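So the structure is just underneath, and the comments pick up after that.
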Amino acid sequence: MADYTPPAVWTWNPGNGGRFANINRPISGATHEKELPVGRHPLQLYSLATPNGQKVTIMLEEVLALGHAGAEYDAWLIKIGDGDQFGSGFVGVNPNSKIPALMDRSGPEPVRVFESGAILMYLAEKFGAFLPEGGAARAECLSWLFWQMGSAPYLGGGFGHFYAYAPVKIEYAIDRFTMETKRLLHVLDTRLGESEYVAGPDYTIADMANFPWYAGLVKGWSYGTAAEFLGAGEYPNVLRWADRILARPAVQRGRMVNRVTGEPSGQLHERHDAGDFETRTQDKLAP
């Protein structure tokens, strides 16, 4: 292992970020002027089908499946590899320049919501769905929701980055974040050994938040050979839960929205109407 002595004052080297060097930078704010499109529905989502993006599209499809017509939405593709998240319009919705970002135009004044956990809570409260109203059940649900929010950097920017994306393989970094990822998987597996769903007997936003990240790890959707590397078979309760969630039609639809990778049959680059899932014409699939 090569020794590295940090300088007295760190200086940004724009070419030292590996796969994401073109979009990572130590400052915030817009890099260019670009207005966001606005469709005909009250809810306007600007996103990409990363694990964090999938949380919200799954939630919206689940709420629509319950019959809440007010949950109809336009989902606009934000190509983070191209820097769309640094456009002035997007920064106006999310000053942190991360997907997903939501604008609710159903009231007299538009409401912006950013951070995936905040969006899940906002939608759950708006439609009265997938979040217990109070007491111990609500506390449990919110605890597991924020547990996921806190663990995501270890799974993505930690394990995922150093295992799959870093320009060099650093044994210490991979070992450190693999250990933490396996610990988190064990926490979830233990919980799901005593509970049907993450927060208890009912399906909630806690499941929607955790599913894209942890199912991605154990089912082999994330980071190449990570499922084998992590020993996914050691977590049978997570696998059982992942399969049960994946069987839900709304989850299957939600995973398609704003997806630009994988089999074309599983992609719907932009979603502006429920019928888009059946009529995925070339313009809807165009990059």
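How high is the relative contact order of the chain, in percent, with contacts defined as C-alpha pairs under 8 Å that are six or more residues apart?
Details: 428 pairs, mean separation 60.0, N = 287.
Rounded, it is 21 percent for the chain.
With +1 on the Cβ of every Lys and Arg and -1 on the Cβ of every Asp and Glu, and nothing else charged, how large is the dipole of the range 171-241 about its Cα centre, in debye rounded to the nearest 20?
Computed charge dipole of the range 171-241: roughly 80 debye.
Can you give the charge dipole size of the chain about its Cα centre, rounded to the nearest 20 debye, using +1 on the beta carbon of Lys and Arg and -1 on the beta carbon of Asp and Glu?
Dipole about the Cα centre, nearest 20: 360 debye.
Please identify every one of the trypsin sites (Lys or Arg not before Pro) in the range 137-243 that sits in a loop by DSSP and has no more than 13 other beta carbons within 10 Å of its own beta carbon.
LYS169
Choose one of GLY150, ALA71, GLY81: the residue whose Cα lies farthest towards the positive end of the charge dipole of the chain (beta-carbon charges +1 Lys, Arg; -1 Asp, Glu; about the Cα centre).
Value: GLY81.
Between GLU109 and ALA166, 0.36 nm times their residue separation minus their Cα-Cα distance comes to what? Intermediate results must be reported in sequence, preceding the final value.
Working: separation 57, 0.36 × 57 = 20.52 nm, distance 4.30 nm.
Contour length minus Cα-Cα distance gives 16.2 nm.
What percent does the relative contact order of the range 135-248 come to when contacts are Cα pairs within less than 8 Å and at least six residues apart?
After rounding, I find 28 percent.
Is the shape of the range 135-248 rounded, prolate or oblate, going by the alpha carbon gyration tensor and its root eigenvalues a ≥ b ≥ c, with a/c under 1.5 for rounded and a/b larger than b/c for prolate?
Here the range 135-248 falls in the prolate category.
Under a point-charge model restricted to the Cβ atoms of Lys and Arg (+1) and Asp and Glu (-1), what is the dipole moment magnitude of the range 116-247 relative to its Cα centre, in debye to the nearest 20?
I would put it at about 240 debye.
Not counting the cut sites, what is the longest span of the chain without GluC sites (Glu not before Pro) that DSSP labels loop and that have at most 15 other Cβ atoms within 10 Å? Working shown, then result.
Working: sites that count: GLU33, GLU35, GLU133, GLU196, GLU278.
In the chain, the maximal stretch lacking such sites is 36-132.
Assuming a ≥ b ≥ c are the square roots of the Cα gyration tensor eigenvalues, decide whether the chain counts as rounded (a/c under 1.5), prolate (otherwise, with a/b larger than b/c) or oblate.
Here the chain falls in the oblate category.
Toward the positive end of the charge dipole of the chain, about the Cα centre and with charges on Cβ (Lys, Arg +1; Asp, Glu -1), which of LEU230, TRP213, ASN22 goes farthest?
Final value for the positive-end residue is ASN22.
All of the numbers you see were taken from the coordinates with simple rules; none came from a lab. Not measured: the values here are computed from a predicted model. Note: ideal-geometry Cβ built from the backbone for every residue, glycine included; neighbour counts use all protein chains shown.
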